Amino acid sequence: MTSLPCRRIVVIGVTGSGKTTLAKRLAARLGIPHVELDALHWEPNWSHATDEEFRLRVETAVSVPAWVVDGNYSICRDIVWSRADAAVWLDFPLWTVFWRLWNRIWRRWWTRELLWGNNREPLLVHFKLWSDDSLIKWLFKTYARRKRQYPALFATPEYSHLKVFHLKSPRQAEAWLEAVEPQT
């Protein structure tokens, strides 16, 4: 077991990498709150909070002493990352993430899983690769950019304080999580 002295942790990675799943499990293991940025961003009917409202919600959520936040929103990165002790970067191979995303889209659509507000996963929109609403398009659009962007951000003075856990496969992420000492 590994003691994780960090009490403010951000989980990042491309869409479909498993940020929320890992963040929930890590928060439960550490006995601290989990904050899902998507839940603070999305409103009913797939509308989104204004930037000001979203930043205020994030500011409130991370004003407590300990948390695990998941998400990649650049509009609030300065709020979350500057307060975080650690970043867990899920940097999985593209096809691993693609299949995870596809399975998530399909499962949410099939089960009519209720997401944030009154939102449910649409299926057909994700096949419209020309649409900015397609998560498949978003994955392919952001995958290479995130691989370049995160190391550069970690090297900046404002984020160089972060202890970075760079996890390159689901197996490595699972082993890392299992090694974190549970808090009671």
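Nothing in this text is a laboratory measurement; each read-out follows from the coordinates by a stated rule. Computed from a prediction, not measured in an experiment: that's the story for all the values here. Neighbour counts run over all protein chains shown; Cβ positions are idealised from the backbone, glycine included.
From the cross-link list LYS147/LYS168; LYS19/LYS147; LYS24/LYS137, which pairs have alpha carbons spaced over 19 Å apart?
In this structure, LYS24/LYS137 exceed 19 Å between Cα atoms.
Please go through region 1-99 and write out the GluC sites (Glu not before Pro) that DSSP classes as loop and that have at most 15 other C-beta atoms within 10 Å.
none
So what's the net charge close to GLY71: Lys and Arg +1, Asp and Glu -1, counting the other residues with Cβ under 9 Å from its Cβ?
Result for the local shell: -2.
Rounded, prolate or oblate: which fits region 17-104 when a ≥ b ≥ c are the square roots of the eigenvalues of the alpha-carbon gyration tensor, with rounded for a/c under 1.5 and prolate only if a/b beats b/c?
It is oblate, given that a/c is not under 1.5 and a/b is not larger than b/c.
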